[in-house]
Amino acid sequence: MRIVLGLPNLIDYQQGGGHWTWAFQYPLALRDVGCEVLCLTAAQTKGDRSIDESRAFGFISRIQEHCPGVSCCVILRPKGEQPGLSEDDYYGLRRREFENWAKNSDVLWNLGGRIRKPLLDFFPRKVLVDGDPGHFQVSGLQCDVGITDHQKFLTVGLNLGKNSCQVPLHDRTWTTFPQMLFLDWWKFLPDPGPAAPFTSLTHWTWEELSWNNRRLSCSKREAYLELVNLPRLSGRCMTLAANLDDPKDKIGDKRLFESHGWTMVDPWALARTPADYQSFIANSRAEICAPKPIYVDLRTGWLSDRSAGYLATGRPVLMRDTGISENLPTGLGLATFTTLDEAADKAREIDANYAKHSKCARMLAEDLLNSRKVVPRMLDACR
């Protein structure tokens, strides 16, 4: 099967080791089940040929370093113009090579809907792969996110279509799949010891949406503020790698969290590459995950790709329940909470029964998130 993967614009985010790790899972997993893969990304030109070449070939070399045998194409368009206007816009594949690849592909997996018209028109079959359930669909009620340009729809929101889930479906059928892992990339590692912190990595986002006279927060800042007292209540150390984009701490978030017992660190310093990212996870005892409030409020059934990596490494995940408990076994390995006090209790329980939690975390990843089990089902849903 020939698959084109429409990837987000990572060419300008070299320091995002976690984002690159997530992106690599897809071509690795597809190649593993026998697919021929082309990774495609589109972005705006910087207007300088040497800079654009560095950006494009940096992306291509990083993909090919970690995913040998995968073809790549980068398309850079002038600002305000449609992509594909000139042969010079194409890197990795020339324009005619790209058009031939697209025309003869079986399907485009468009991750997050990042590939837009007119590029979409080259592909005979287009599948939207949603990794931001709720946020993406509500945004689609307020602006064009390209939903109608696709024939099939996949989502990591495991509750979409259930009565318990309030996400608008846009009159489409969404096939659900769990965050999948190419497990050859993830080793089960021994307990780093009780002194190791509970950790997570996050973007300090602030966004909110309004729908049906209802405020829906997409702010990771707001999500973690609700847990600011957790280190003191649980009696254990917690580290948050958050890109506060506020080096002088003018807002005071860093001081606030540190005053409540958190250690605040820079993810771009500690998780710049995929190897650094995996090391950060390995040196953690568990993850403390605060999902976007919209995931919780709409009962999306979301689990992050980051949490999946913790589980695969044998690191338990403690997260606010998004409705994931309706779909995956929770309690051991993956522990969910709804209140701050419950989170503190479960943090202590994870430490008290760590070996069992660690083993169950890895088993969950192997049994339910394994790409060799998930990807064939995803491919079947695209036929």
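The values are calculated or read from the model by the stated rules, or taken from the named source; none is laboratory data. Keep in mind that what you see is a predicted model, and the values were worked out from it rather than measured. In this analysis, Cβ positions are derived from the backbone assuming ideal geometry, glycine residues included, and neighbour counts consider all displayed protein chains.
One line per residue, one yes/no per condition, for (1) in contact with an Asp or Glu (Cβ under 7 Å, 6 or more places away or on another chain); (2) buried (at least 20 other Cβ atoms within 10 Å of the Cβ); (3) closer than 24 Å to L379 by Cβ; (4) in contact (Cβ under 8 Å) with a residue 60 or more places away in the chain:
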{"position": "S50", "(1), (2), (3), (4)": "no, no, no, no"}
{"position": "C67", "(1), (2), (3), (4)": "no, yes, yes, no"}
{"position": "R96", "(1), (2), (3), (4)": "no, no, no, no"}
{"position": "N110", "(1), (2), (3), (4)": "no, yes, yes, yes"}
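I'd like the residue in segment 148-186 that is of a type in the set (D, E) and in contact (Cβ under 8 Å) with a residue 24 or more places away in the chain and, out of all such residues, is nearest to R377 (Cα to Cα). Can you show your working first?
Of all residues in segment 148-186, those of a type in the set (D, E) come to 149, 171, 184.
Next cut, in contact (Cβ under 8 Å) with a residue 24 or more places away in the chain only: 149, 184.
Values: D149: 22, D184: 19 Å.
Here the answer is D184.
Residues in segment 100-147 that are more than 30 Å from R215 (Cα to Cα), touching a Pro at 6+ places or on another chain (Cβ under 8 Å) and of a type outside the set (G, A, S): K103, P118, L119. The set of residues from segment 108-126 being touching a helix residue (DSSP H, G or I) at 6+ places or on another chain (Cβ under 8 Å) and within 12 Å of L5 (Cβ to Cβ) comprises L108, W109, N110, L111, G112, F123. The residue of segment 1-13 that is farthest from the chain's Cα centre (by Cα), among those that are closer than 23 Å to D266 by Cα and touching a residue at least 60 places away in the same chain (Cβ under 8 Å), is I11.
Would you say P78 is in contact (Cβ under 8 Å) with a residue 12 or more places away in the chain and more than 22 Å from the chain's Cα centre (by Cα)? Here the answer is yes, as P78 does meet what is asked.
Take I11 and decide whether it is crowded, with 17+ Cβ neighbours inside 10 Å, more than 23 Å from V107 (Cα to Cα) and among the hydrophobic types (A, V, I, L, M, F, W, C). Against the criterion (crowded, with 17+ Cβ neighbours inside 10 Å, more than 23 Å from V107 (Cα to Cα) and among the hydrophobic types (A, V, I, L, M, F, W, C)), I11 qualifies. In segment 198-206 there is at least one residue that is touching a residue at least 12 places away in the same chain (Cβ under 8 Å), assigned by TED's automatic domain parsing to the domain that holds S304, surrounded by fewer than 20 Cβ atoms within 10 Å (Cβ to Cβ) and assigned to a strand (DSSP E or B). Exactly one residue out of L216, L209, L189 is touching a residue at least 40 places away in the same chain (Cβ under 8 Å) and closer than 26 Å to D351 by Cα: that is L189. Of all residues in segment 235-267, those that are closer than 30 Å to F24 by Cα, surrounded by 15 or more Cβ atoms within 10 Å (Cβ to Cβ) and touching a residue at least 60 places away in the same chain (Cβ under 8 Å) total 1. In the set (1) of a type outside the set (S, T, N, Q); (2) in a loop (DSSP other than H, G, I, E, B); (3) within 27 Å of D266 (Cα to Cα), the condition left unmet by D171 is number (3). Only a single criterion out of (1) crowded, with 18+ Cβ neighbours inside 10 Å; (2) touching a helix residue (DSSP H, G or I) at 6+ places or on another chain (Cβ under 8 Å); (3) not hydroxyl-bearing (S, T, Y) is not satisfied by W174, namely (2).
Table: residues versus (1) closer than 30 Å to Q166 by Cα; (2) of a type in the set (A, V, I, L, M).
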site: L256; (1), (2): no, yes
site: H260; (1), (2): no, no
site: W268; (1), (2): no, no
site: Y277; (1), (2): no, no
site: D297; (1), (2): yes, no
site: A308; (1), (2): yes, yes
site: P316; (1), (2): yes, no
site: D321; (1), (2): yes, no
site: E326; (1), (2): yes, no
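Take the conditions buried (at least 16 other Cβ atoms within 10 Å of the Cβ) and at pLDDT 95 or above and apply them to S164. Does it pass? Taking the combined requirement at face value, the residue does not satisfy it. When each of W206, W185 is tested for being out of contact with any Gly (no Cβ under 6 Å at 6 or more places or on another chain) and under 26 Å from V138 (Cα atoms), the lone residue that passes is W206.
The residues in segment 207-233 that are surrounded by 20 or more Cβ atoms within 10 Å (Cβ to Cβ) and of a type in the set (D, E, K, R) can be counted, and the count is 1. In segment 291-312, the residues that are more than 28 Å from D276 (Cα to Cα) reach residues that are assigned to a helix (DSSP H, G or I) and of a type in the set (V, I, T) with C-beta atoms within less than 9 angstrom, at least six apart or across chains, in these pairs: I294/V138; L298/V138; T300/I294; T300/I324; G301/I324. What do you reckon, is S105 touching a residue at least 40 places away in the same chain (Cβ under 8 Å), crowded, with 18+ Cβ neighbours inside 10 Å and among the polar types (S, T, N, Q)? When the stated conditions are applied, S105 passes them. Of all residues in segment 28-50, those satisfying the criterion of being of a type outside the set (S, T, N, Q), at pLDDT 95 or above and out of contact with any Phe, Trp or Tyr (no Cβ under 6 Å at 6 or more places or on another chain) are L30, R31, D32, V33, G34, C35, E36, V37, C39, L40. From the list A335, A343, the one residue that fits, being among the aliphatic types (A, V, I, L, M) and in contact (Cβ under 8 Å) with a residue 60 or more places away in the chain, is A343.
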